[in-house]
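What follows is a short report on a single structure.
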Amino acid sequence: MKWTMTLRNHLTELEPMRDRLSKLMQKQSLPETVVADILLIAEEVLVNIVTHAYDDEAEHLIGLSGTVSDHDLWLEFRDDARPFNPLELPEPDLDTSIQSRDLGGLGIYLVTQLADQLRYSRQDGMNVLAVRKILSRRQKNTFG
Amino acid sequence: MSLKVQIDEIKSRVSKITLDGRLDTHTSPLLEQQLAPLLNSPVTMIVFDMSNLTYISSAGLRVLFKARKTLDAKHGKTFMVNLQPQVQKVFDIVKAMPSVSIFRSYEEMDEYLDYMQRKETE
């Protein structure tokens, strides 16, 4: 199954996106743990785009599409902001104590840890980030 | 609103914060707002009851970290109790809290606090 949705670059778009995405995944009877991971990945990537990616105040559209097969799920994010590869971000320093830790950079780090595979490319002036979650058939039956 | 925050003073200078729902980009500012007066008060211990928290994102983590930083600076303590698996997973990934401040139950936390108190009075 495939789906596509389009969001404006505004944080108020997150809640409706979350509801739609979660309904789409429930229809596919995906395991709850996968649904939870995907919702978190979507929130973190989109927040990052909306809050950091644009150099102007104009309205921009962000594409979010998904492809589900028997064995995996791909989420794809497309934005027309300046070239930015989130996979090149340095990892946050997780070993220092919380007192001296910088609290930024955690969102994308969560994405890299929850995804099974990530791909970034620049296509036709767009940043394209594809995120893969592997599904196992056995997991599929445990939903609900 | 998909987050409910309840604050109870359980002892003098000890508050329990019960989080119910989702702590994300949308709801984190609500918790931050409600926490502010508490963090400016003489409270020395905050226990976050996470039994009904089903989801946390980096925005939520940042609010909890800030609370912890503020209390640590006053030599206070923050504890998390009853984390659901999805929330626990996120905490594990970011190594957010030293394991000693996360407890599976209140009993476990009480035992730990009793033990620390005995150690101090010995």
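The values are calculated or read from the model by the stated rules, or taken from the named source; none is laboratory data. Given the structure is predicted, the values throughout are model-derived calculations rather than measurements. Counting neighbours? That spans all protein chains shown, and the Cβs are built from the backbone with ideal geometry, glycine included. These accessible areas exclude ligands, DNA and RNA; they are computed on the full protein's heavy atoms, side chains included. Shrake-Rupley method; radii C 1.70, N 1.55, O 1.52, S 1.80 Å.
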Exercise for the section: Report yes if B:A73 is farther than 22 Å from B:K11 by Cβ and either within 12 Å of chain A (Cβ to nearest Cβ) or over 12 Å from the mean Cα position of the chain (by Cα) (or both), otherwise no. Expected result: no
Practice task
Please find, within region B:27-56, the residue that is least open to solvent (accessible area, probe 1.4 Å) out of those that are of a type outside the set (S, T, Y), in contact with a Ser or Thr (Cβ under 7 Å, 6 or more places away or on another chain) and outside any strand (DSSP E or B).
Solution key: B:V43
Practice task
Kindly indicate whether any position in region A:86-108 is within 27 Å of A:M1 (Cα to Cα), at pLDDT 95 or above and not basic (K, R).
Solution key: no
Practice task
Report yes if A:S22 is surrounded by fewer than 18 Cβ atoms within 10 Å (Cβ to Cβ), within 12 Å of another protein chain (Cβ to nearest Cβ) and either small (G, A, S) or outside any helix (DSSP H, G or I) (or both), otherwise no.
Solution key: yes
Completion exercise
Those residues of region A:110-126 that are in a helix (DSSP H, G or I), closer than 13 Å to A:L89 by Cβ and more than 7 Å from every other protein chain (Cβ to nearest Cβ) come to a total of 2
Completion exercise
A:Q28 passes all but one of the listed conditions (1) within 14 Å of another protein chain (Cβ to nearest Cβ); (2) surrounded by 15 or more Cβ atoms within 10 Å (Cβ to Cβ); (3) out of contact with any Gly (no Cβ under 7 Å at 6 or more places or on another chain); the exception is number (1)
Problem - Positions within region B:68-119 being exposed (fewer than 11 other Cβ atoms within 10 Å of the Cβ) and of a type in the set (S, T, N, Q), in sequence order - result: B:S99, B:Q117
Problem - Condition check for A:D56: over 27 Å from B:K95 (Cα atoms), without any contact (Cβ under 8 Å) to a residue 12 or more places away in the chain and loosely packed, with under 15 Cβ neighbours inside 10 Å - result: yes
Fill in the blank from the handout: Scanning region B:78-99 residue by residue, those at pLDDT 90 or above and assigned to a loop (DSSP other than H, G, I, E, B) turn out to be B:N82, B:L83, B:Q84
Practice task
Please work out if B:T18 is of a type outside the set (A, V, I, L, M, F, W, C), farther than 17 Å from B:H75 by Cα, part of a loop (DSSP other than H, G, I, E, B) and open to solvent by 10 Å² or more (accessible area, probe 1.4 Å).
Solution key: no
Exercise for the section: May I ask you to verify whether A:I62 is closer than 21 Å to A:A115 by Cα, modelled with pLDDT of 95 or more and either open to solvent by 80 Å² or more (accessible area, probe 1.4 Å) or assigned to a helix (DSSP H, G or I) (or both)? Expected result: no
Exercise for the section: Would you check if A:T33 is farther than 17 Å from A:D19 by Cβ, surrounded by fewer than 21 Cβ atoms within 10 Å (Cβ to Cβ) and facing chain B (nearest Cβ under 10 Å)? Expected result: yes
